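The values are calculated or read from the model by the stated rules, or taken from the named source; none is laboratory data. Keep in mind that this is a model prediction, so the values were computed, not measured. FYI the Cβ positions are ideal-geometry reconstructions off the backbone, even for glycines, and counts take in every protein chain you see. Note: accessible area is taken over every heavy atom of the protein model, side chains too, but ligands, DNA and RNA are not part of it. Shrake-Rupley method; radii C 1.70, N 1.55, O 1.52, S 1.80 Å.
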Amino acid sequence: MPTIVVEVMPKAELLDPQGKAVAGALARTGHTQFSGVRLGKRFELTVDGPIDDAVRATVEQIAADILSNSVIEDVVGIHYPAEVQA
C-alpha cells in the first residue's frame, strides 16, 4: 500500500515560538552554525489501491481543508511514492 506524505509549515511571515525555542536550545548546546529553526507537521496517508488523478485531487483537498490551517499555515509539499510518479 503506497504512502503519501504531506508537509505543512507555518506561514513565513508568522512567528514560530517552537522553532525559536529549538534555535535557542541549539545555541545553548554549542550548535551555533544554525541561525534559525521553523517547526512544521508531517502527515503520512496510506492509500488502499493505486494512486490515480482522483486520489491526488482528494489529497490536495484534504491537505488544504483538514491538514492545514490556511490562515497560519501553508502546505509546502505533497510527496508521492517514486514508483507512481509520472
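A compact table of results
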item	result
Residue list for the stretch 29-71, filter: exposed (fewer than 11 other Cβ atoms within 10 Å of the Cβ), closer than 20 Å to residue 9 by Cα and in contact (Cβ under 8 Å) with a residue 40 or more places away in the chain	44
Unmet criterion (only one of (1) within 30 Å of residue 19 (Cα to Cα); (2) touching a helix residue (DSSP H, G or I) at 6+ places or on another chain (Cβ under 8 Å); (3) at pLDDT below 95) for residue 50	(1)
Residues of the stretch 1-28 satisfying the condition of being open to solvent by 100 Å² or more (accessible area, probe 1.4 Å), outside any loop (DSSP other than H, G, I, E, B) and more than 24 Å from residue 70 (Cα to Cα)	28
